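Notes for the one structure printed next.
The values are calculated or read from the model by the stated rules, or taken from the named source; none is laboratory data. Just so you know, these numbers come straight off a predicted model, no measurement behind them. Note that each Cβ is placed from the backbone with ideal geometry, even for glycine, and that neighbours are counted across all protein chains shown.
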Amino acid sequence: MIAEIAARRSIRKYKQDEVPKDIVRQIIQAAALAPSGKNRQPWRFLVYEKEAKEELLARMEKGIFREMEGKALLPESAYGLPDAKNTLRIMRQAPVVVVVMNPGGRSPFEPLTNDERMKEIVDSLSAGAAIQNMLLEAEHLGFGTLWIANTCFAYPELMEVVKEEGQLLGAVALGYADEAPGARPRKKLEDIMEYRCEASCTDKSEQK
Ligand SMILES: Cc1cc2nc3c(=O)[nH]c(=O)nc-3n(C[C@H](O)[C@H](O)[C@H](O)COP(=O)(O)O)c2cc1C
């Protein structure tokens, strides 16, 4: 296994140092090398820093506030709002926030046909592969990251500020880590994998 897979952690504390532009480019180049369904490469990466990032996050705050106090679009997910506020605080601290878009995607608040839903699943998986490449490349280069889906609580507000067609899939916070968290728990391999084949190919360790 490559060392970066084991060493990567979600980083929720960042130093204030800027991230050099060539590092950001290298990380997004890693994303661009990901596999994608039909090689559609259903992604665009919007790099936010400084005032632009502040404006983006002001909109995210507005959306979280609307979910709490106004017309909630995700009422059954309200339990996640305290975590979303914490994510917002982390995004404010991180020097770079990369918004990940699926340019051909539709609003999650619109109905989809079965065909559209299938395509969207494939495109979301493809974008996920690209994001994971970003996290691993950042780890390789000595930077910390946080994959963020809590943008969902401010979907309309964020779409208004990014001014792009498509679907906003999430974001990645990037910067120099100011913490070194230990590994978070993972499910045991026995609980997540199962061979489906003849008895002859059963894992030898299971036969003991
Ligand atoms: C699709 C996705 C969305 C996530 N969204 C958030 C988020 O909005 N806020 C946050 O703090 N962490 C978020 N995370 C990070 C997870 O909480 C983290 O990956 C998990 O707890 C395991 O910790 P580790 O990444 O350090 O191994 C997200 C991770 C993934 C893959």
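Of the residues GLU165, GLU160, which is away from the ligand (no atom under 13 Å from the Cβ) and either in contact with a strand residue (DSSP E or B) (Cβ under 9 Å, 6 or more places away or on another chain) or outside any helix (DSSP H, G or I) (or both)?
Just one listed residue meets the conditions, GLU165.
Being more than 10 Å from the ligand (Cβ to nearest atom) and within 20 Å of VAL19 (Cβ to Cβ) narrows it down to one of ALA177, ALA154, ALA171, so name that one.
ALA177
Quick one: is GLY128 away from the ligand (no atom under 14 Å from the Cβ), within 19 Å of the chain's Cα centre (by Cα) and either at pLDDT 95 or above or closer than 19 Å to ILE2 by Cα (or both)?
The answer is no for GLY128.
Just to be sure I understand the filter: pairs with C-beta atoms under 8 Å, separated by 6 or more residues or on different chains, first member in the range 131-149 and assigned to a loop (DSSP other than H, G, I, E, B), second member modelled with pLDDT of 95 or more and not aliphatic (A, V, I, L, M). Which pairs pass?
GLY142/TYR176; PHE143/GLY175; PHE143/TYR176; ALA149/GLY170
Out of all the residues in the range 97-128, which are hydrophobic (A, V, I, L, M, F, W, C) and buried (at least 16 other Cβ atoms within 10 Å of the Cβ)?
Correct list: VAL97, VAL98, VAL99, VAL100, MET101, ALA127.
Going residue by residue through the range 33-47, is there one that turns out to be touching a Phe, Trp or Tyr at 6+ places or on another chain (Cβ under 7 Å) and surrounded by 15 or more Cβ atoms within 10 Å (Cβ to Cβ)?
Checked against the condition, which is being touching a Phe, Trp or Tyr at 6+ places or on another chain (Cβ under 7 Å) and surrounded by 15 or more Cβ atoms within 10 Å (Cβ to Cβ), the range 33-47 yields no hits at all.
Name the single residue that is farthest from GLY142 (Cα to Cα) among those in the range 3-20 being among the basic types (Lys, Arg) and near the ligand (Cβ under 10 Å from one of its atoms).
ARG12
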